[in-house]
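S.K.: Take a look at the following structure, please.
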Amino acid sequence: MAHERFSVGVVVERRPLKSRWVDHVWLPVAVLAGVPEAAPWTLLVEEGGVQRFYAGAYAVDLYRTETAGYRDNLESGAPKLWIAAHATGVTPPLDILVVTADPNEGAAYTEAGDNIVEAVPMPDEVAGVVARFVAEHHVERAFIKRRRDRANPDALALRPAHGKEREP
């Protein structure tokens, strides 16, 4: 199989802020291996004004063309999952866009200015699934540096001027 999908539970946190413009922030903080039986947006714990919620089950997709990124993530010593979300301003307060093991995909979601992207620790059970997928599908590809064509310094001199014919 060139593609694999499995589900994880996402935990988000509502943290109070001391700011005159905003009173709290929502952040993804953890991933649970597997999917608990709790309903999405169940309050898990509240301490010192910080609330943690189970946001729901989300799919993690693994693709054979991205195994180099997964491998590098696993070899980092502290593998992560990247969670990209978007604040909705309504209930539920976050729309989870993606949960990925690919650091490059996670970084790509930071390019949109209003996305919330957090790298959270990858549970050991998930790391095992990702490691097995990499072992089955990774093909080392040699890096080939592309060379530019050499420029012809006389090329501009041989072109006619814009809208004019070249004189003999």
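The values are calculated or read from the model by the stated rules, or taken from the named source; none is laboratory data. None of the values given here were measured: they were computed from a predicted structure. Positions of Cβ are generated from backbone atoms using ideal geometry, with glycine treated the same way; all protein chains shown enter the neighbour counts.
S.K.: Evaluate region 3-15: report whether one residue or more is within 21 Å of LEU81 (Cβ to Cβ), among the small types (Gly, Ala, Ser) and surrounded by fewer than 16 Cβ atoms within 10 Å (Cβ to Cβ). If you could, list the steps in order and put the result at the bottom.
M.R.: If we filter region 3-15 for residues that are within 21 Å of LEU81 (Cβ to Cβ), which is where we start, we get 3-15.
Among the residues that remain, those that are also among the small types (Gly, Ala, Ser) are: 7, 9.
Going one step further and asking which of them are surrounded by fewer than 16 Cβ atoms within 10 Å (Cβ to Cβ), we end up with 7.
Scanning region 3-15, I find at least one residue that is within 21 Å of LEU81 (Cβ to Cβ), among the small types (Gly, Ala, Ser) and surrounded by fewer than 16 Cβ atoms within 10 Å (Cβ to Cβ), so the answer is yes.
S.K.: Can you say whether VAL45 is closer than 12 Å to VAL99 by Cβ and either among the charged types (D, E, K, R) or modelled with pLDDT of 95 or more (or both), as far as the supplied structure shows? Quick ask: steps written out before the conclusion?
M.R.: Working: closer than 12 Å to VAL99 by Cβ: no; either among the charged types (D, E, K, R) or modelled with pLDDT of 95 or more (or both): yes.
Here the answer is no, as VAL45 does not meet what is asked.
S.K.: What tally of residues in region 118-151 results from selecting those that are outside any helix (DSSP H, G or I), hydrophobic (A, V, I, L, M, F, W, C) and farther than 27 Å from GLY56 by Cβ? Step through it out loud before you land on a result.
M.R.: We begin by selecting, within region 118-151, every residue outside any helix (DSSP H, G or I); these are 118-123, 138-151.
Of the ones still in play, those that are also hydrophobic (A, V, I, L, M, F, W, C) are 119-120, 122, 139, 142-144, 151.
Now restrict to residues that are farther than 27 Å from GLY56 by Cβ: 139, 142-144, 151.
Selection size over region 118-151: 5.
S.K.: For TRP82, indicate whether it is within 22 Å of HIS137 (Cβ to Cβ), touching a strand residue (DSSP E or B) at 6+ places or on another chain (Cβ under 6 Å) and of a type in the set (Phe, Trp, Tyr).
M.R.: Working: within 22 Å of HIS137 (Cβ to Cβ): yes; touching a strand residue (DSSP E or B) at 6+ places or on another chain (Cβ under 6 Å): yes; of a type in the set (Phe, Trp, Tyr): yes.
The answer is yes for TRP82.
S.K.: Within the set of pairs 6+ apart or on separate chains, which have a first residue in region 15-36 that is without any contact (Cβ under 8 Å) to a residue 40 or more places away in the chain, a second that is of a type in the set (S, T, N, Q) and not in a loop (DSSP other than H, G, I, E, B), and C-beta atoms under 7 Å apart?
M.R.: Listed by first residue and then by second, the contacts come to VAL35/SER7.
S.K.: Name the pairs whose Cβ atoms lie under 6 Å apart, with the first residue in region 56-73 and under 23 Å from ALA142 (Cβ atoms), the second among the β-branched types (Val, Ile, Thr) and in a helix (DSSP H, G or I), and 6 or more positions between them or separate chains?
M.R.: THR67/VAL134; TYR70/VAL130; TYR70/VAL134; ARG71/VAL134
S.K.: Might you let me know whether region 114-126 holds any residue that is closer than 18 Å to PRO28 by Cβ, modelled with pLDDT under 95, loosely packed, with under 15 Cβ neighbours inside 10 Å and within 19 Å of the chain's Cα centre (by Cα)?
M.R.: yes
S.K.: What number of residues within region 46-72 satisfy the criterion of being surrounded by 13 or more Cβ atoms within 10 Å (Cβ to Cβ) and more than 21 Å from GLY34 (Cα to Cα)? Reasoning before the result, please.
M.R.: Pass one, region 46-72, residues surrounded by 13 or more Cβ atoms within 10 Å (Cβ to Cβ): 50-58, 60-64, 66-72.
Cutting the leftovers down to more than 21 Å from GLY34 (Cα to Cα) gives us 50-51, 64, 66-69, 71-72.
Adding up the residues that qualify gives 9.
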